[in-house]
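The values are calculated or read from the model by the stated rules, or taken from the named source; none is laboratory data. What you see is a predicted model, and the numbers here were worked out from it, not measured in a lab. Positions of Cβ are generated from backbone atoms using ideal geometry, with glycine treated the same way; all protein chains shown enter the neighbour counts.
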Amino acid sequence: MPHAIRFHQTGGPEVLCWEEVDVPPPGAGELRLRQRAVGLNYIDTYHRSGLYPVPLPSGIGLEGAGVVEAIGADVSGFAIGDRVAYAHGPLGAYAEVRNLPAERAVKLPDALSFEQAAAMMLQGLTAQYLLRRTHRVEPGETILVHAAAGGVGSILVQWAKALGATVIGTVGNDEKAERVRALGCDHVIVYTREDFVGRVRDITGGRGVRVAYDSVGRDTFLRTLDCVERLGMVALFGNASGPVEPFDPLLLAQKGSLTLVRPVLGHYIATRGELDAMAADLFDAVLTGKVRIDVNQRFALRDAADAHRALEGRRTTGASVLLP
């Protein structure tokens, strides 16, 4: 029987269990996939810890890539043997074999590997909507990217540079700073020893950035508001340091009539047309060299708990994958 990672209670990485699972024939509208690579994302830790509650027991993981082994009724556009990737559930990507709604899958170009696909779909589609839909970055704009050496951050830096933006990135140490500079980041701030608000204001001549992308949450959010220009935007798309404390919305007016958005990927790929268009844009960015997908960490799928420890300990850079 195939195996999968499941959890029966919320908690730390130790709650993740390697279990035999029964995978039935795919139902109507489903594909059965033999997975070749699985994406590791910070949202996985939110499900495991209970920050984002899910019914228990549960599988885990939202992103993967593999080969179609069987096709359920009422599915068109896919054939057995197709290479496919997906980025938004349902939960259960940490598995050797799984069934997946066909509407969530996209065909993978031959020039992209399974590892690349598993490393880029969720993070890359997140970067796509942040840069092209939440706020459409234009040439000449200056933006701020927190956690610039992380999975989404690394893509944001490269893609924003290709769009003609000036990019300011924050990182936690000098090693990550060097990585981000190599990706093209114009100004790198090591937040553990530098005041990122002061540095952003210095870099922008006191004006601030047009948009700030914050996946860190509680530790950075209030100070991020001070980095944004009048009528600018803060896109809060993660909680790596914990959820933001409640605050008075009047603060946004006091900081310059700022716009605050808390986007999630699922709302941007709610229709088949949106998913296909965003995936095509992402694939084009990678295949044309605008964005390089670096898989910097690989873990055996059965060692998912170790992968979570590395991710939460901020010991990873760029993308990580789990290999069945």
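Looking at (1) among the acidic types (Asp, Glu); (2) surrounded by fewer than 20 Cβ atoms within 10 Å (Cβ to Cβ); (3) under 15 Å from the mean Cα position of the chain (by Cα), which is the one condition that is false for residue 63?
So residue 63 meets the others, but not (2).
Out of 231, 236, which single residue is modelled with pLDDT of 95 or more, more than 21 Å from residue 42 (Cα to Cα) and not assigned by TED's automatic domain parsing to the domain that holds residue 43? Working first, answer last.
Values: 236 fails: more than 21 Å from residue 42 (Cα to Cα).
Answer to the check: 231.
With the range 87-178 as the region, which strands (runs of 3 or more DSSP E) entirely inside it contain at least 1 residues that are of a type in the set (D, E, K, R) and either in the same structural domain as residue 25 (by TED's automatic domain parsing) or over 18 Å from the mean Cα position of the chain (by Cα) (or both)?
97-101, 105-107
For the range 179-217, what are the residues that are in a helix (DSSP H, G or I) and either more than 28 Å from residue 264 (Cβ to Cβ) or at pLDDT 95 or above (or both)?
The first filter runs over the range 179-217 and keeps only residues in a helix (DSSP H, G or I), leaving 179-182, 196-203.
Hits for the range 179-217 are 180, 181, 182, 196, 197, 198, 199, 200, 201, 202, 203.
So how many residues does the range 4-46 have that are under 28 Å from residue 81 (Cβ atoms), surrounded by 17 or more Cβ atoms within 10 Å (Cβ to Cβ) and not charged (D, E, K, R)?
12
For a quick check of your reading of the model, give me the residue pairs whose first member lies in the range 295-310 and is over 16 Å from residue 94 (Cα atoms) and of a type outside the set (Asp, Glu), whose second is modelled with pLDDT under 95 and assigned to a helix (DSSP H, G or I), with beta-carbon atoms closer than 6 Å and at least 6 apart or on different chains.
295/119
How many residues does the range 220-256 contain that are surrounded by fewer than 12 Cβ atoms within 10 Å (Cβ to Cβ) and under 18 Å from residue 142 (Cα atoms)?
Residues flagged as surrounded by fewer than 12 Cβ atoms within 10 Å (Cβ to Cβ) and under 18 Å from residue 142 (Cα atoms) within the range 220-256 amount to 2.
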